[in-house]
Amino acid sequence: MSDADAAVDDRPVSDGSSEAGGRVPLVADERGVSVTVGYVLTLAIGALLLSGVVIAVGGVIDGQTQRTVESELSVAGQIAVANVESADRFARAAEADRPESEGTVNVVVEADLPSRVAGRGYRIEIDSETVLVRTDRPDVRVEIPHAATRNVTETTVRGGPIRISYTLADGNSGPGTIEVTER
């Protein structure tokens, strides 16, 4: 027998018989420890992986929501600008057909804008140069210039169907004002 074969194991050997009252020494008791420790480690690793995935996906979803809201606000703003410019063109054409400041000029353009973008309400701010479409959550603002030559009353309306009107009373020689209201 070689020295390697004659290696001595220092652990106490138990045949399952009782030592001092039927108890097996703890040093030799290896039952269930690896199963319990393995189960706890598996749960801990699973919890870490799951929280990492939730954090990573949450950031992606927030970024995608921001881009979606911005895109939809841009579309709503372009529709509003196109309709303000249409009302301006109709007003100029109606004024050109009016002989010597006689007759009242009334122009009404209605636009069906969405009430919500990406599930959120929004506001439209219109002034003489731009249309600003914005949401508060997330804070997204899209500003689009318009080419209306008539005065535009500065106003803020909720997103949704709007009415764009222009009135020039009989006898007035100057240009009237374009007004945007909610429908």
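The values are calculated or read from the model by the stated rules, or taken from the named source; none is laboratory data. Computed from a predicted model, the values in this text were never measured in an experiment. Note that each Cβ is placed from the backbone with ideal geometry, even for glycine, and that neighbours are counted across all protein chains shown. Keep in mind that these areas ignore ligands, DNA and RNA; they rest on the heavy atoms of the full protein, side chains included. Shrake-Rupley method; radii C 1.70, N 1.55, O 1.52, S 1.80 Å.
Over region 98-145, with every protein chain in place, what whole percent of the accessible area is carbon and sulfur at 1.4 Å, could you tell me? Don't skip to the answer; put the middle values down first.
On the way: 1100 of 2780 Å².
Carbon-and-sulfur percentage of accessible area, whole number: 39.
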Counting Lys and Arg as +1 and Asp and Glu as -1, each charge on the Cβ, what is the dipole of region 24-183 about the Cα centre in debye, to the nearest 20? 600
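Heavy-atom accessible area per residue, region 44-106, 1.4 Å probe: how many Å²?
Working: 3920 Å² over 63 residues.
With the other protein chains kept in place, region 44-106 gives 62 Å² per residue.
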Given points 7 Å out from each Cα along the Cα-Cβ axis, report the residue 177 to residue 147 separation in nanometres with one decimal. 2.6
Can you give me the distance in nm between label points at residue 106 and residue 163, each placed 7 Å from the Cα along the Cα-to-Cβ direction? 1.0
Got a number for the accessible area of residue 158? Probe 1.4 Å, square angstrom, nearest 10. 140
Among 178, 51, 148, whose Cα sits farthest toward the positive end of the charge dipole of region 31-183 (+1 at Cβ of Lys/Arg, -1 at Cβ of Asp/Glu, about the Cα centre)? 51
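Order these peptides, 126-138, 44-56, 70-82, by their mean beta-carbon neighbour count within 10 angstrom, highest first.
The packing order, highest mean first, is 70-82, 126-138, 44-56.
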Please list, in order along region 42-47, the HN-Hα scalar couplings obtained from phi with the Karplus expression 6.51 cos²θ - 1.76 cosθ + 1.60 (θ = phi - 60°), rounded to whole Hz, x for Gly and Pro. 4, 5, 5, 5, x, 5
Fully extended contour minus Cα-Cα distance, from residue 128 to residue 42, at 0.36 nm per residue: 24.6 nm
